[in-house]
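Visitor: If you scroll down you'll find the structure; I have some questions about it.
Nothing in this text is a laboratory measurement; each read-out follows from the coordinates by a stated rule. The model shown is predicted, which means the values in this text are computed figures rather than measured ones. Cβ: placed from backbone, ideal geometry, glycine included. Neighbour counts: every protein chain shown.
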Amino acid sequence: MKNFKYLLIIALTFYACHGDLDQNPTDPDLFTEVQVYSSSQEAKSALAKVYASFALTGQQGPAGQPDIDNSIIDEGFSQFTRVMYTLNECSTDTAVVGWGDPGLPNIHEMSWDVNNPWTKGMYFRLAQAVSFANSFIENAEELAVSDPETGFMIQEARFLRAYAYYQLMDMFANVPIVTKLTTELPQQNTREEVFNFVDSELKDLTSTLPSSGANEYGRVDQTAAHALLSRLYLNASVYAGRDMYQEASASAQAAISGAYSINTNDANGNGNAYDELFLADNNTNGAQNEFIFTVQFDGLKSQSWGGSTFAVHAPIGGSMNPSDFGVNGGWGGLRTTKGLVDKFSYSITAQNGDGHPVAWSDARAMFHTDGQNYEMAKIGPFKEGYAVTKFKNINSAGGAGADSSGNHVDTDLAIIRLAEVLLNYAESYVRGGAGDASTAAGYINQLRSRASAPNINSSDLSVDLVMDERARELYWEGHRRPDLIRDNKFVTSSYLWPFKAGAANGMATDEFRRIFPIPEDVILVNPNIKQNPNY
């Protein structure tokens, strides 16, 4: 697939031109487009590129031949899950990063502008995923007429495109909807129009994707469509200005009824099945049964400086021992604020001399406290804030990952896992959706029991309890910013955390920060695109 050439203009304006593919390749070993789509096996290789748009950063790992030009964002920074983490976690109470790379301090300070490389990198990365999906769908259509397997692959590409549009809608609101390869500059769509498009696509995919559990690990099925619909409807008041909690409950229940299950397999025998979700063998240790949509990584075969390589290396610093995490060193960057730590206050089992918590009974409180300050004096030094030990490059038997150098990591990252869907059901119920209190409490208790946390009663259910449970279960997995926006706590003074909006004790900021700016480069290239308000 190195013969596929995508111009930068594709990422900037959501259209693709494949003139390069009309030429005979100079290397006879390279596939032509006709050869790529001559059989389902070859088409599967092309589909892998669409999936890989969420995992890799270019044609040569871990760096080199980037898919997005380095003048826009450093290739190592541009990997999808790394940028998503930066925007959705570092802008909130769950994470801070001490590095001073251009635009990075502005994320936690909520002071990004139209040229912030991180918001630009996310826009271009998602636009590229849309372009890759459109290319696959259009080129595979002829083969799909006679090959049902390729037909299923087209539905997978549609899901990946819908997911990319979901993220574009969430972060940038008003973006062009393009589903065909074209040379015309696209028109801008409203956020509600994008919502309706994603809704329509996902509803169709609940019956056209492979049935629940029928696809191979790492590829999506009908449950993924139901699960993403539950997330979409849970946020409908933000995206489309209307409550759809009834639909969120129904979609969540449809996903819960599928082939997936909460992992309770304590493969490493430490009494904690939660940590199995974030180990190097989470594709085989039982965690895979909980993963509905996953970005896969391999320390030897899919290298980048993002993904789980970033998730493991970046939070290691201070007195932490990198070998305990299966890597050769720490990057000394990521930590959390007391805003997240305090979510586990009910389970404190030990405190230090200053009265600050240092141990918890809830297994999800995965913090390193030795040499770390609970109260943050500033963001930069690694000692400020507790470190997080959630992601490791260690397998269930205690061995390190495949890359013997200790650079790159095997751990897969779940984009959607069943735990989120259980919480989607509980939240939609407490916000007025369908279902019942007993079922909602039972779903929460599945997660709390796994973490050795005490069960709740149906009478304990409230919006605040469910939102705190989401923070405890899903932190550092890319959910926090949209959760806070939905709960009206992201930009307001109703909930503060250290250095929110740049103030030591936190402060409110402008409403327009609930979405990111359209990159200025996009507007300069396409006059049909208008900037989001106040940017």
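Visitor: Mean residue ellipticity at 222 nm from the helices of the chain, using -39,500 (n - 2.57) per DSSP H segment of n ≥ 4 over the full residue count, to the nearest 500 deg cm²/dmol? Intermediate values should be presented prior to the final figure.
Guide: Working: 18 runs with 202 residues, N = 535.
It lands at -11500 deg cm²/dmol.
Visitor: Can you list residues from other chains, or at least 5 along the same chain, whose modelled amide H is less than 5 Å from the amide H of residue 359?
Guide: 349, 350
Visitor: Can you work out the Karplus-derived ³J(HN,Hα) for every residue in region 281-289? Use 6.51 cos²θ - 1.76 cosθ + 1.60 with θ = phi - 60°, whole Hz, and x for glycine or proline.
Guide: Calculated HN-Hα couplings, in order: 9, 6, 8, 9, 7, x, 4, 4, 6 Hz.
Visitor: In whole Hz, with x marking every Gly and Pro, tabulate ³J(HN,Hα) for region 141-147 from phi via Karplus 6.51 cos²θ - 1.76 cosθ + 1.60, θ = phi - 60°.
Guide: Per-residue couplings from phi come out as 4, 5, 5, 5, 4, 10, 10 Hz.
Visitor: A follow-up question, please. So how tilted is helix 40-52 from the main axis of the chain? Cα-based, degrees 0 to 90, rounded to 10.
Guide: Between helix and principal axis, roughly 50 degrees.
Visitor: Something else about it: If the cut-off is a Cα-Cα distance under 29 Å, which lysines reach residue 338, setting aside same-chain residues fewer than 8 apart in sequence?
Guide: 378, 383, 390, 392, 489, 500
Visitor: A follow-up question, please. Suppose we keep just the DSSP beta bridges with both residues in the chain; what percent of those would be antiparallel, to 5? Write out the running numbers ahead of the final one.
Guide: Numbers: 15 of 16 bridges.
In the chain, approximately 95 percent of DSSP beta bridges are antiparallel ones.
Visitor: Another question about this same structure. For a quick check: with amide H placed at 1.01 Å from N, whose amide H comes under 5 Å from residue 368's, ignoring anything fewer than 5 positions away on the same chain?
Guide: The list, which skips near neighbours in sequence, is 387, 388, 389.
Visitor: Let me ask something else about it. Exactly which trypsin sites (Lys or Arg not before Pro) in region 215-278 are in a DSSP loop and have at most 13 other Cβ atoms within 10 Å?
Guide: Details: sites: 219, 231, 242; in loops: 219, 242.
The qualifying sites are 242.
Visitor: For region 305-392, which trypsin sites (Lys or Arg not before Pro) pass both filters: DSSP loop (anything but H, G, I, E, B) and at most 14 other C-beta atoms within 10 Å?
Guide: Details: sites: 335, 338, 343, 364, 378, 383, 390, 392; in loops: 364, 378, 383, 390, 392.
Sites meeting the loop and neighbour criteria: 378.
Visitor: Sticking with this structure for a sec: Between residue 60 and residue 181, what is the label-point separation in nm under the 7 Å Cα-to-beta-carbon projection?
Guide: Label-label distance for residue 181 and residue 60, simple model: 2.6 nm.
Visitor: Restricting things to alpha carbons, find the Rg to Rh ratio for region 297-411 using the Kirkwood radius for Rh. Could you put the intermediate results ahead of the total?
Guide: Values: Rg = 14.9 Å, Rh = 14.8 Å.
Rg divided by Rh gives 1.01.
Visitor: Residue 220's amide H: which non-local residues (gap 5+, or another chain) put their own amide H closer than 5 Å, with H modeled 1.01 Å from N in plane and none for Pro or chain starts?
Guide: Residues meeting the criterion, in which the H sits 1.01 Å from N, do not exist here.
Visitor: Relative to the Cα centre, what is the charge dipole magnitude of the chain, using +1 at the beta carbon of each Lys and Arg, -1 at the beta carbon of each Asp and Glu, and rounding to the nearest 20 debye? Before the final figure, lay out each step's value.
Guide: Numbers: 38 positive and 63 negative charges, 195 e Å.
For this selection, approximately 940 debye.
Visitor: Based on alpha-carbon centroids, what's the gap between region 68-102 and region 433-484 in Å, whole number please?
Guide: 28 Å
Visitor: Rg to Rh for the chain: what is it, with Cα atoms only and Rh by Kirkwood?
Guide: Working: Rg = 22.2 Å, Rh = 23.5 Å.
Checking Rg against Rh, the ratio lands at 0.94.
Visitor: Here's a follow-up. Are there chymotrypsin sites (Phe, Trp or Tyr not before Pro) in region 214-267 that DSSP marks as loop and that have at most 16 other Cβ atoms within 10 Å, and which are they?
Guide: In loop regions of region 214-267 (DSSP not H, G, I, E or B), the sparsely surrounded chymotrypsin sites (Phe, Trp or Tyr not before Pro) are 217.
Visitor: Convex hull over the Cα atoms of region 428-535, averaged projected area in nm²?
Guide: Details: hull surface 39.5 nm².
Taking a quarter of the hull surface, the average projection is 9.9 nm².
Visitor: Ok, one more. About its Cα centre, what dipole magnitude does region 297-411 give when the only charges are +1 on Lys and Arg Cβ and -1 on Asp and Glu Cβ, stated in debye to the nearest 20?
Guide: Values: 9 positive and 10 negative charges, 37 e Å.
Charge dipole of region 297-411: 180 debye, to the nearest 20.
Visitor: Let me ask you something else. Compute the helix-to-body angle for 148-172: its Cα long axis versus the longest principal axis of the chain, expressed 0 to 90° and rounded to tens.
Guide: 60 degrees
Visitor: A further question follows. Give me a comma-separated list of calculated 3J(HN,Hα) values for region 69-81, in order, Karplus coefficients 6.51, -1.76, 1.60 applied at θ = phi - 60°, integers in Hz, x for any Gly or Pro.
Guide: Once rounded to whole Hz, the list reads 4, 5, 6, 8, 7, 3, 4, x, 7, 7, 4, 4, 5.
Visitor: Hey, what angle do you get for helix 437-450 against the long axis of the chain, alpha-carbon based, 0 to 90 degrees rounded to 10?
Guide: 80 degrees
Visitor: Express in nm, to one decimal, how much length is gained between residue 70 and residue 507 on full extension, taking 0.36 nm for each residue of separation and deducting their alpha carbon distance.
Guide: Numbers: separation 437, 0.36 × 437 = 157.32 nm, distance 3.43 nm.
Taking 0.36 nm per residue and subtracting the Cα distance, the gain is 153.9 nm.
Visitor: Specify the inter-centroid distance of region 172-233 and region 248-306, based on alpha-carbon positions, in whole Å.
Guide: When both Cα centres are located, 22 Å separates them.
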